[in-house]
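The values are calculated or read from the model by the stated rules, or taken from the named source; none is laboratory data. Values in this document were obtained by computation on a predicted structure and should not be read as measured data. Ideal geometry is used to build each Cβ from the backbone, glycine not excepted, and the neighbour counts take in all protein chains shown. Quick note on the areas: whole protein, heavy atoms, side chains included, nothing else; ligands and nucleic acids left out. Shrake-Rupley method; radii C 1.70, N 1.55, O 1.52, S 1.80 Å.
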Amino acid sequence: MALTSLSPRPARPSPSPATPPHRRPPPPCGRIRPTSAVSTAASDGGGAADDYHSTIRSLNSHGRRHVPRKSLGQNYMLNARVNEELVAAAGVEEGDVVLEIGPGTGSLTAALLAAGATVVAVEKDKHMATLVRDRFGSTEQLKVIEEDITKFHVHSHFLPILEEKSRGTKKYAKVVSNLPFNVSTEVVKQILPMGDVFSVMVLMLQDEAALRLANASIQTPEYRPINVFVNFYSEPEYKFKVERANFFPQPTVDGGVIRFKIKDAGEYPPVSSNKSFFSMVNSAFNGKRKMLRKSLQHLYSSADIEAALTNIGLPPTARPSELMMDDFVRLHNYLGN
């Protein structure tokens, strides 16, 4: 599959973060501009437009005391064009409601607001949450919540907003985020089963992780329970690669953007219990190199497992890495969970 790579490009004059190129300016009483209009500047290396450092400088010039934070597990985006690509990948439009996780200095937030979205930004670090509030000021279009995303009660925050904006039709929110790399798997597991709230999720992850989630095939070392989980709850698609020079501090790996089209509950594969299905899948992969009649023998007899495998057209010696998601669904249902 051909992959697009976003690399740093020569510096050029950049617009205010609230008005990305190729977008019409906001109406006087509509979209919100940051309280401190910050133009992206050329990075020290003469490459990407440096939104992170220019934002810090602009805020501090007005008496703030923000300093760069380098030890939070977050790598901040320097290239404003990448943020535009993230917004485009999610298809964010006027009136959309968007969850952003770890907004950092608000560079992606600015692109989302400029697209006309209402943004709920969840930031664990008080320092960075204050920075985003300082940058954008008080507006109903942006809500910054100081909380760990893994402890964040999504339904209580989003359902009232969606109900207010629905106007009699079902409305779904979106997730768009340049995630701290160290929480990516937790966020995927948390958000994908929420098809009653979200329709799409676009994440910046480590490139290797994005490729593994989108494209891992059976009978490969990368094939794991998380791949079954992702395909059960969504349709993943790898979008593009973002080279490491676009981040501050520069990580040792490139970034990759993945888009998940999140399924409604009615689109899930037909299993009697999601919980028992994933319990079986996880048990199977606990002995990844073992035959299923061995790794699942604490749940079923070897004879029952062999009979089930034969019934669904697989050899009785099959291993978990040889089963696609649909095979696991048929196995689970045949064994009567």
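Scanning the stretch 252-287 for residues that are open to solvent by less than 60 Å² (accessible area, probe 1.4 Å) and either in contact with a Pro (Cβ under 7 Å, 6 or more places away or on another chain) or closer than 30 Å to Leu78 by Cα (or both) yields a count of 11. Test Phe240 against the stated conditions and say whether it is open to solvent by less than 20 Å² (accessible area, probe 1.4 Å) and within 30 Å of Leu335 (Cα to Cα). Taking the combined requirement at face value, the residue does not satisfy it.
For the stretch 93-137, a tally of residues being closer than 24 Å to Gln190 by Cα, out of contact with any helix residue (DSSP H, G or I) (no Cβ under 9 Å at 6 or more places or on another chain) and among the small types (Gly, Ala, Ser) returns 1.
Is there a residue being under 20 Å from Glu235 (Cβ atoms) and either at pLDDT below 95 or charged (D, E, K, R) (or both) anywhere in the stretch 144-165? No, the stretch 144-165 contains no residue that is under 20 Å from Glu235 (Cβ atoms) and either at pLDDT below 95 or charged (D, E, K, R) (or both).
Checking the stretch 228-235 against the condition returns no match, with no residue being touching a residue at least 40 places away in the same chain (Cβ under 8 Å) and acidic (Asp, Glu).
Screening the stretch 124-226 for strands (runs of 3 or more DSSP E) wholly inside it with 2 or more residues that are among the hydrophobic types (A, V, I, L, M, F, W, C), under 16 Å from the mean Cα position of the chain (by Cα) and surrounded by 14 or more Cβ atoms within 10 Å (Cβ to Cβ) returns the ranges 173-178, 198-206.
Determine whether Leu296 is buried (at least 20 other Cβ atoms within 10 Å of the Cβ) and either at negative phi or assigned by the TED database to the domain that holds Tyr223 (or both). When the stated conditions are applied, Leu296 passes them. The residue that is surrounded by the fewest Cβ atoms within 10 Å (Cβ to Cβ), among those in the stretch 307-331 that are of a type in the set (Val, Ile, Thr) and part of a helix (DSSP H, G or I), is Thr310.
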